[in-house]
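Each remark here refers to the structure printed beneath this line.
The values are calculated or read from the model by the stated rules, or taken from the named source; none is laboratory data. These figures come from a predicted structure and were not determined experimentally. Heads up, the Cβs are rebuilt from the backbone with ideal geometry, glycines too, and the neighbour counts pull from every protein chain shown.
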Ligand SMILES: Cc1ncc(C[n+]2csc(CCOP(=O)(O)OP(=O)(O)O)c2C)c(N)n1
Ligand code: SF4
Ligand code: SF4
Ligand code: SF4
Ligand SMILES: [Mg+2]
């Protein structure tokens, strides 16, 4: 039996939106949507406590379908809106949903600084290795050599590793999973939401319509079977000899550490400044 | 259906363990491809059916890997959404799968991103 009954999940869908949703048949975003809803329900949060913030892109549409406070902002800026919301209302659980282009191209600067500050925000980054919504242009996560609308002869740039980037920049929690590894994904989203500080969950998801078609990767089923074949628990992956690592994708909790959380430090400053102000009167 | 919603009952022996909501199904094939027991098949139009109920262990994987909330495992029905349904919502006060799906072209769809 699934951990959370489907009827509860339906309850968290925003019913004044049109269903079925806009995503292509088989798109991993729908699977992630279900996973996020189950994780929110399992976390015991009230709908009113949760804010979902997104930018623009196929991934950016996800919060639109959830019956919580949701803010659909501009391309690349989800984290800037989320920062304002979290600092103004620290009691809220703030979660951003961004695409790889959204989070690491136009919004890349916001990502590294949100991680560096260790803001108490959960960032779900959907990595489909392309600009899905606009037709399959290359993004910073498009692999070297892969085809894209803007790289018809194969991509000549190396790619970002979203998880490594977030970890290096200072996030206190970093995890990676795929929409195939669904029970793991449910768990990791729950863990990231519970963890104080900046929590990144990189979710590998097939865009068979654009990335898959241009690179002859078959249907989304074929692409998900690749996730199954290559995905490996990070603990096992670390045991592999150097030469074998690149063929496999490490999944699970990559980083989990306690670091000062920006909101708490900020509150202390406010309290100190307030007391000094009082004393001076 | 009208009036009071019937509470979902656990599937009885011989009753289907998986319920399908064709109105939301995009015939992507995930459920059929990833059922670990091979219990699902596509019908002639490509919609999934539980071809072999005895093989189904109610593991829930098909439900979790369906991107479109178009099938559900276990207790056949859905819980009545009446109480929680927002005003003006297109969701009928009780929820059978077909009723939950809005009318064609119903629901709001904003254009960009
Ligand atoms: C400021 C701005 N620049 C460019 C665009 C066009 N645009 C829309 S979505 C998108 C990229 C989408 O890629 P990604 O963030 O990876 O999301 P996906 O669609 O792949 O989920 C771009 C460039 C825009 N909407 N706004
Ligand atoms: S274009 Fe790609 S990412 Fe967008 S809905 Fe289709 S499959 Fe999903
Ligand atoms: S519940 Fe599990 S065994 Fe039954 S049809 Fe779905 S995936 Fe197959
Ligand atoms: S996974 Fe869902 S949408 Fe896809 S064929 Fe099965 S029921 Fe239909
Ligand atoms: Mg993308």
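Summary of computed values
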{"read-out": "Residue in the stretch A:213-225 that is touching a strand residue (DSSP E or B) at 6+ places or on another chain (Cβ under 9 Å), part of a loop (DSSP other than H, G, I, E, B) and surrounded by fewer than 22 Cβ atoms within 10 Å (Cβ to Cβ) present", "value": "yes"}
{"read-out": "Close pairs (8 angstrom Cβ cut-off, 6 or more residues apart or separate chains): closer than 12 Å to residue A:128 by Cα and free of Cβ contacts under 8 Å to residues at least 60 places away in the same chain in the stretch A:206-230, assigned to a helix (DSSP H, G or I) and within 9 Å of ligand 2 (Cβ to nearest atom) anywhere", "value": "A:212/A:220; A:223/A:208; A:223/A:212"}
{"read-out": "Residue check, residue A:184 out of contact with any strand residue (DSSP E or B) (no Cβ under 6 Å at 6 or more places or on another chain), assigned to a helix (DSSP H, G or I) and more than 26 Å from residue A:145 (Cα to Cα)", "value": "no"}
{"read-out": "Subset tally (residues that are within 14 Å of chain B (Cβ to nearest Cβ) and surrounded by fewer than 24 Cβ atoms within 10 Å (Cβ to Cβ)) for the stretch A:149-177", "value": "0"}
{"read-out": "Qualifying residues in the stretch A:226-250 (those that are outside any helix (DSSP H, G or I) and out of contact with any helix residue (DSSP H, G or I) (no Cβ under 6 Å at 6 or more places or on another chain)) - the one surrounded by the most Cβ atoms within 10 Å (Cβ to Cβ)", "value": "A:231"}
{"read-out": "The stretch B:26-48 - residue that is within 23 Å of residue A:19 (Cβ to Cβ), crowded, with 20+ Cβ neighbours inside 10 Å and more than 8 Å from every other protein chain (Cβ to nearest Cβ) and, of those, farthest from ligand 2 (Cβ to nearest atom)", "value": "B:40"}
{"read-out": "Which listed residue, of A:180, A:138, A:131, is more than 11 Å from the chain's Cα centre (by Cα), buried (at least 22 other Cβ atoms within 10 Å of the Cβ), farther than 27 Å from residue A:50 by Cα and within 14 Å of chain B (Cβ to nearest Cβ)", "value": "A:131"}
{"read-out": "Conditions (1) part of a loop (DSSP other than H, G, I, E, B); (2) in contact with a strand residue (DSSP E or B) (Cβ under 9 Å, 6 or more places away or on another chain); (3) under 26 Å from residue A:37 (Cα atoms); number of the one not met by residue A:79", "value": "(1)"}
{"read-out": "Single residue of the stretch A:51-65 satisfying the filter (closer than 11 Å to residue A:33 by Cβ and facing another protein chain (nearest Cβ under 10 Å)) that is surrounded by the fewest Cβ atoms within 10 Å (Cβ to Cβ)", "value": "A:64"}
{"read-out": "Filter pass, residue A:135 being without any contact (Cβ under 8 Å) to a residue 12 or more places away in the chain, more than 16 Å from ligand 3 (Cβ to nearest atom) and on the phi > 0 side of the Ramachandran plot", "value": "no"}
{"read-out": "Looking only at the stretch A:16-37, and only at residues there that are surrounded by fewer than 22 Cβ atoms within 10 Å (Cβ to Cβ) and more than 16 Å from residue A:130 (Cβ to Cβ), the one that is modelled with the highest pLDDT", "value": "A:25"}
{"read-out": "Residues (in contact (Cβ under 8 Å) with a residue 12 or more places away in the chain, more than 22 Å from the chain's Cα centre (by Cα) and over 30 Å from residue A:91 (Cβ atoms)) located in the stretch A:238-281", "value": "A:238, A:247"}
{"read-out": "Selection within the stretch B:49-74 - more than 23 Å from residue A:227 (Cα to Cα) and either part of a helix (DSSP H, G or I) or more than 9 Å from every other protein chain (Cβ to nearest Cβ) (or both)", "value": "B:49, B:50, B:51, B:52, B:53, B:54, B:55, B:56, B:57"}
{"read-out": "Selection count where residues are in contact with a strand residue (DSSP E or B) (Cβ under 7 Å, 6 or more places away or on another chain) and not in a strand (DSSP E or B), scope the stretch B:30-46", "value": "4"}
{"read-out": "Exclusive hit being within 16 Å of ligand 5 (Cβ to nearest atom), under 19 Å from residue A:168 (Cα atoms) and buried (at least 24 other Cβ atoms within 10 Å of the Cβ), set A:123, A:105", "value": "A:123"}
{"read-out": "Those residues of the stretch A:97-128 which are more than 19 Å from residue A:255 (Cα to Cα), more than 14 Å from chain B (Cβ to nearest Cβ) and more than 16 Å from ligand 2 (Cβ to nearest atom), in sequence order", "value": "A:108, A:109, A:110"}
{"read-out": "Where residue A:135 falls short, out of the listed (1) closer than 23 Å to residue A:45 by Cβ; (2) out of contact with any strand residue (DSSP E or B) (no Cβ under 6 Å at 6 or more places or on another chain); (3) within 16 Å of ligand 2 (Cβ to nearest atom)", "value": "(1)"}
